[in-house]
Every structure is written in structure tokens, then in C-alpha cells.
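Notes follow once the structure below has been shown.
Derivation of every value follows stated rules applied to the coordinates shown; laboratory data play no part. The structure presented is a predicted model; accordingly, all values stated were derived computationally and were not measured. Ideal geometry is used to build each Cβ from the backbone, glycine not excepted, and the neighbour counts take in all protein chains shown.
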Amino acid sequence: MKIIRKVSDIIKFREQELKNLSIGFVPTMGALHTGHISLVEKSVRENNYTIVSIFVNPKQFNDKNDFINYPVTIEKDLEMLEKSKCNLVFIPDSEDIYNNYTGFRMDFDGLDKLYEGEFRPGHFQGVVDIVYRLFEIVKPHNSYFGEKDFQQLAIIKLMVSKSNLTLNIIPCATVREESGLAMSSRNERLSAEERKNASKIFEVLNSVKNSMKIDDSPEKLINKISEEINLNPFLKTEYVAFCDPTTLKPVFSFSQNSVVRLCVAVWCGKIRLIDNISLEF
Ligand code: AMP
């Protein structure tokens, strides 16, 4: 497995050595877990050559403390990537990657103001800036994103449709811990007790999926879901939303043969967790 740190080196390597290969790309912020690796393995299966980037992007953190405390486990990450048959890891530094690059401007069609965007101002502009830059450098044919970050996935698809980029964005299912809790690098910062209680989030989402009916009111369900999650003393919901899986616009009633995404953000102690599931009618 090759490791490249400099932007100029990867551009040269991509041009000279990878010209005729199909390239799969997985952007990450490191602190890798089985969820990330599932994306890498999918890329390895579907492409001739897989590139993973590890870069904790300061621009997408609206909360300074979250950035400072973001876990860094580079040695373990490299071991996991080697095992997953990743071909190249790109580990740039901030100064190099943002050198002569001010970002990618686009109209988000209001998507950056909803849900995550409402509570994390500037977050999605930071995400779009770094992902566009990485796409420009790596020039992948396929890039893999987790449904765990459902709004991010929708925004990256929108970005590609509004740019001159021609790659495919491939969604990948959320990988969960045995308890049902969606895997996340931030789970490492939960205490054992918090981690156990955080599994209540998926438990509630799943029970709604199994018990809801088409004529239920989304508004009333939102209140019910919040109440149930907040009954757990470790948890506090920030938002609960039913939305269209493509436009992400809020859904005010359910209809036959439709698909709706149920998305939540929940504080567990000092850690903010997100999760979502698909509902089919
Ligand atoms: P991050 O390092 O958090 O920026 O995540 C890198 C990529 O891994 C993103 O596309 C995430 O959506 C994806 N990812 C993170 N956690 C999971 C998970 N539990 N299951 C599937 N994909 C995930």
C-alpha cells in the first residue's frame, strides 16, 4: 500500500501511473472503523485501484472543541487499510491542500440550512470545499459515501450535478455496532455507560419503522420519537425529521408507494450523534 502526503506528488502519480485504471475513492477523516472499511472494500470490489484520503478538515467543524478532540489513530488506520486491500492512502496537510484554493461555491437549493445545516452553520460549505478539492486532485471514477451521513451524501450528489465533475457517487449502507448504534469515530469518545444507552436511538427509530401507519401524522410522530429518546437520561434530541430522500425537503404526510427518510441528531453527554433509516410505504 502506497502512502502519499504531498498534493503535487499524488497529482503526478495519478497522471503517470494510473492513467488506464478505474479509480475508486473514499474520503475520510481517519479514526477508521468497520463502517469506513465497508466503503473501502466496496471500492476494491468495483474498481481496479482504490485511493483513501485521511484528512481532518478544519473548515467543516463549526465547533472548535469537536475539532480539537477529534480522534487521531493513524497507525491503526493504516493497518486496517492495508488489510482491506486499499492501494493508496493520501494524507495531505491543511496548508498544502488549501494552497491557492478558496473553495467551491454553489447554490445549495436551501439544503445547507436544514437539519445538520441549521445546527452546524458553515459545516456543509466546509465539506463541499474539501470534497471538491479532493475530487480535482484524485480524479476518481467512483467515490463512496456512507448513508450514515445522509444529508452529506445528498449534498455531494448535488455538488457533482452542479459542477463539471463526471464521477459517480456511490451510497453505502450504514454499518452498526452489535447494539444497533451506528458506527462513528465519535463513539470512541462516549463512556461505556453512554455507549450502552446510545443504542436506544436506533431502537426507537426501528420501533417507529415497525409500528407506524400510512395515515400517521409526521408531526405527531416527531414529538413521540423525541419524547421516547429523551426518556433516556443520557440522551437529548436536537432534531427529528421525516424528509424526502432526494430533495431532503420535510414531509408533511405519508403516501402510498413513497420512500421517506427519518433522520435524527441526538446529544449523548457531550457527544453529538446522528442516525437515519429508510421508511417504505
Ligand atoms: P468520516 O471519516 O466521518 O468523514 O466518514 C468518512 C465516510 O465514511 C463518510 O462517507 C461517512 O458517511 C462514512 N461512514 C461513517 N460511518 C459510517 C457507518 N457507520 N457506516 C457506513 N459508512 C460510514
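By counting other Cβ atoms within 10 Å of each Cβ, how are 190, 32 ranked from fewest to most?
190, 32
For the chain, find the longest principal axis of its Cα atoms and tell me its angle to the long axis of helix 7-17, 0 to 90°, nearest 10.
So the helix axis and the longest Cα principal axis differ by about 70 degrees.
Using the count of nearby Cβ atoms within 10 Å as a rough guide to exposure, how do 3, 23 rank from fewest to most?
Listing 3, 23 from fewest to most nearby Cβ atoms yields 3, 23.
To the nearest 0.05, what FRET efficiency results for residue 179 and residue 255 with a Förster distance of 35 Å applied to their C-beta separation?
E between residue 179 and residue 255, to the nearest 0.05, is 0.60.
Please report the spacing between the Cα centers of region 198-216 and region 224-242 in Å, no decimals.
Cα centres, region 198-216 to region 224-242: 12 Å.
Nearest 10 degrees is fine. How inclined is helix 218-230 to the longest principal axis of the chain, computing both from alpha carbons?
80
What's the longest piece of the chain with no exposed trypsin sites (Lys or Arg not before Pro), counting a site as exposed if DSSP puts it in a loop and it has at most 16 other beta carbons within 10 Å?
Looking at the chain, 20-84 is the longest stretch - no exposed trypsin sites (Lys or Arg not before Pro) with at most 16 other Cβ atoms within 10 Å.
Please tell me the relative contact order of the chain in percent, rounded to the nearest whole number, where contacts are Cα pairs under 8 Å and at least six residues apart.
17
Taking the Cα centre of the chain as the origin, how large is its charge dipole in debye, to the nearest 20, when only Lys and Arg (+1) and Asp and Glu (-1) carry charge on their Cβ atoms?
Once rounded to the nearest 20, the dipole reads 340 debye.
Computed FRET efficiency, Cβ-Cβ of residue 239 and residue 199, R0 30 Å: what is it to the nearest 0.05?
Plugging the Cβ-Cβ distance into 1/(1 + (r/R0)^6) gives 0.95.
Find the relative contact order for region 128-280 and round it to a whole percent, using C-alpha pairs within less than 8 Å whose residues are 6+ positions apart.
Relative contact order, region 128-280: 20 percent.
Counting other C-beta atoms within 10 Å, and keeping those with at most 15, which DSSP coil chymotrypsin sites (Phe, Trp or Tyr not before Pro) do you find in region 87-146?
Hits after loop and neighbour filter: 101.
Considering the dipole of the chain built from charges on the beta carbon (Lys and Arg +1, Asp and Glu -1) around the Cα centre, which of 250, 174, 29 is farthest to its positive end?
It is 29, whose Cα lies furthest towards the positive end.
Using a basic spin-label model with each label point 7 Å from the Cα along Cα→Cβ, how many nm lie between residue 230 and residue 2?
5.3
Whole angstrom only: what separates the Cα centroid of region 41-67 from the Cα centroid of region 109-158?
Using only Cα atoms, the two centres lie 11 Å from each other.
Going by amide H atoms built from the backbone, whose H comes under 5 Å of the H on residue 72, apart from near neighbours?
Under 5 Å from the amide H of residue 72 lies no amide H from a residue far enough along the sequence or on another chain.
Calculate the spin-label point distance for residue 163 paired with residue 223, positioning each point 7 Å from the Cα along the beta-carbon direction, and give it in nanometres.
In this crude spin-label approximation the distance works out to 4.3 nm.
Given Cβ point charges of +1 (Lys, Arg) and -1 (Asp, Glu) and nothing else, what value in debye, to the nearest 20, does the dipole of region 195-262 about its Cα centre take?
Charge dipole, region 195-262, about its Cα centre: 260 debye, nearest 20.
Using a simple spin-label model with points 7 Å from Cα along the Cα→Cβ vector, what separation in nm is obtained for residue 13 and residue 270?
3.7
In what sequence do 54, 271 fall when counting other Cβ within 10 Å, fewest first?
271, 54
Using only Cα atoms, tell me the angle between helix 123-138 and the longest principal axis of the chain; keep it within 0 to 90° and round to the nearest 10.
So the inclination is approximately 30 degrees.
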